[in-house]
Amino acid sequence: MTALTPENVPLWPWGLLLFIAGVYVLAVAALIAAGRREDARALAGFIPDCLVLVSRLARDGRISRPRRALLFGVLGYLALPIDLVPDFLPVIGQLDDAVLLGLALRVVLRGGGIELVRDAWPGPEASLTLVLRAAGLETNGAATPPTTL
């Protein structure tokens, strides 16, 4: 077994992942430098906040078992490195994750309501608004009532 050295680390996909992480850090730093600390916090914590939200909802006893099973399935899909669209592709790689999360939240919230998400959301209100809009449950600050199937 050979020792792990920088020369032994393949550029693909690790170099690309490091580049994307660097761009992400630069975007957060630019927001901080521009005096938009709340926006920087929202950007830096959006993905972790979404994971916390889904895990909290998946453990919430007020949600039916089939809907909780759906959330555990989404958590598994988000955690796996194998996706329908690979995550290393900029923007479109995360799009399938976002669409799947939005659809799962829409299904879950039809049975429980927006207050479940508000109670479980760990991040800033601005990010919560984006999540609710992605789930089709809020537009222009006004909550739209969930419809039944």
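The values are calculated or read from the model by the stated rules, or taken from the named source; none is laboratory data. These figures come from a predicted structure and were not determined experimentally. Every residue, glycine as well, gets a Cβ built from its backbone with ideal geometry; the counts of neighbours run over all protein chains shown. Surface areas here come from the heavy atoms of the whole protein model, side chains and all, with no ligands, DNA or RNA. Shrake-Rupley method; radii C 1.70, N 1.55, O 1.52, S 1.80 Å.
The sole residue among Val107, Val28, Val99 that is of a type in the set (Val, Ile, Thr) and at pLDDT 85 or above is Val107. Any residue at all in the range 46-69 that's modelled with pLDDT under 75 and in a helix (DSSP H, G or I)? Yes: the range 46-69 contains one or more residues that are modelled with pLDDT under 75 and in a helix (DSSP H, G or I).
Test Leu132 against the stated conditions and say whether it is under 27 Å from Arg37 (Cα atoms) and touching a strand residue (DSSP E or B) at 6+ places or on another chain (Cβ under 9 Å). Yes; evaluated as a whole, the condition is true for this residue. In the range 57-72, the residues that are free of Cβ contacts under 8 Å to residues at least 24 places away in the same chain form Cβ pairs under 6 Å with partners that are in a helix (DSSP H, G or I) and of a type in the set (Lys, Arg), at six or more places apart or across chains, as follows: Ala58/Arg68. Taking the listed residues Glu7, Glu38, the one that is modelled with pLDDT of 70 or more, open to solvent by 50 Å² or more (accessible area, probe 1.4 Å) and either charged (D, E, K, R) or in contact with a Ser or Thr (Cβ under 8 Å, 6 or more places away or on another chain) (or both) is Glu38, with no other qualifying. Going by the structure shown, is Pro13 open to solvent by less than 60 Å² (accessible area, probe 1.4 Å) and modelled with pLDDT under 70? Spelling it out, Pro13 is indeed open to solvent by less than 60 Å² (accessible area, probe 1.4 Å) and modelled with pLDDT under 70. Scan the range 128-149 for residues that are at pLDDT 80 or above and open to solvent by less than 20 Å² (accessible area, probe 1.4 Å) and jot them down. Correct list: Leu128, Leu132. Hey, any hits in the range 76-88 for a residue that's over 30 Å from Phe19 (Cβ atoms), open to solvent by 30 Å² or more (accessible area, probe 1.4 Å) and outside any helix (DSSP H, G or I)? No, the range 76-88 contains no residue that is over 30 Å from Phe19 (Cβ atoms), open to solvent by 30 Å² or more (accessible area, probe 1.4 Å) and outside any helix (DSSP H, G or I).
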